[in-house]
1. When DSSP assigns beta bridges and you keep just the ones with both residues in region 2-139, what percent turn out antiparallel, to the nearest 5?
2. What nm value, rounded to one decimal, do you get for the distance between residue 16 and residue 97 when each label is placed 7 Å out toward the C-beta?
3. Can you tell me what share of the DSSP beta bridges in region 101-154 is antiparallel? A percent to the nearest 5 is fine.
4. Pick from 75, 384, 137 the residue whose mean-square fluctuation is largest in a GNM of the chain, springs joining Cα atoms under 10 Å.
5. Rounded to the nearest 500 deg cm²/dmol, what is the calculated helix-only ellipticity per residue at 222 nm for the chain, with -39500 (n - 2.57) per DSSP H run of length n ≥ 4?
6. Would you mind calculating the gained length between residue 403 and residue 288 on full extension (0.36 nm times residue separation, minus the Cα-Cα distance), in nm to one decimal?
7. What residue among 313, 247, 19 shows peak mean-square fluctuation when the chain is described by a Gaussian network model with Cα springs under 10 Å?
8. With the chain treated as a Gaussian network of Cα nodes joined by springs under 10 Å, which of 201, 255, 379 yields the largest mean-square fluctuation?
Ligand SMILES: [Zn+2]
């Protein structure tokens, strides 16, 4: 058989040594540690570079991405002001404009080797269904180049924002996949609980997974994460619920934090750390020592909870940077969560690949004969090298087709001191 693509001498993530991968008809035809002799239309020699089965971006906001190009500056640097600035902009949103901004960031995602992505989309009476329609349109443009899940995100609350619940049900009918939440943004703990109950009610109606923004605050009195775990078990939704941000967990006293982490494990809730935005926004009003707002990643992992990490914001009112590059977010997480030892660095690579796939419930996210041929060859030999340099991806293969390639940069020096002799 003639292969479409043969990738030689690749260090496959999660396995020892080098192997050759044969690809035909969009699927892996061979995975061989001893070399493949089949002919191929295209042969790529990875020369020992490392490859993953695509990156997974589990938490991004494509409807707000790049909005900073025309938004006022967030002068307080807080989450509250970031949300309030958007109100005026949202009144003038159009479906096409949202789709165009989202598409620019999705193109970046492809270049960076993201094969699966989950984006939240604001659902509230100000923007109505336009943001959701914009992201559905952007998703259509990309076809099967990237798998996109859209989450209905009631950022302005549900109980305190009349009309939002009906809009959430409406966008689910339009094609949104996952039910979101923002339970801390309610007037009382009772309303926060009601918010979560409504989310489960919508999820049951549409047989959908849930992915909430939970306690995105330094306030240790924020306790909606425990309620989410409790209601996950009560509704039998174990494994189908994800909690993002969870900054307050980083401010809890140890005994209560351990109690909540235990409940999350029982409820099999997936957790998403968002180091970029949380480092930027949380602890703003603290004097020193300042809280940094990144959830308890090591403690959650040690308890056996599935933890992934995501970009969250790209050039918006919350965060002025972001390239939608999982290597950049992984690099930030290593610092924010002090994951520096070899085994910890390997875990962080899992967080932007396998753990994200588990949260998004992607079936068969691995390189195996017969499986869909998604492969990203990094310009690095291991996870540490990939995080350290964050170089452009060497090759991105999606469903058996080569969709992006970066040649090593050619740089010429005309006058440089000689390296010291060794
Ligand atoms: Zn978010």
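1. 50
2. According to this spin-label approximation, the distance is 5.8 nm.
3. Roughly 10 percent of the beta bridges in region 101-154 run antiparallel, per DSSP.
4. Between 75, 384, 137, it is 75 that shows the largest mean-square fluctuation.
5. The helix-only estimate for the chain comes to -10500 deg cm²/dmol at 222 nm.
6. 36.6 nm
7. Result: 19 has the largest fluctuation of those listed.
8. 255
Taken together, the values in this text are just the output of simple stated rules run on the coordinates, not laboratory data. Since we're looking at a predicted model, the values are computed, not measured. Positions of Cβ are backbone-derived with ideal geometry, glycine not excepted, and every protein chain shown enters the neighbour counts.
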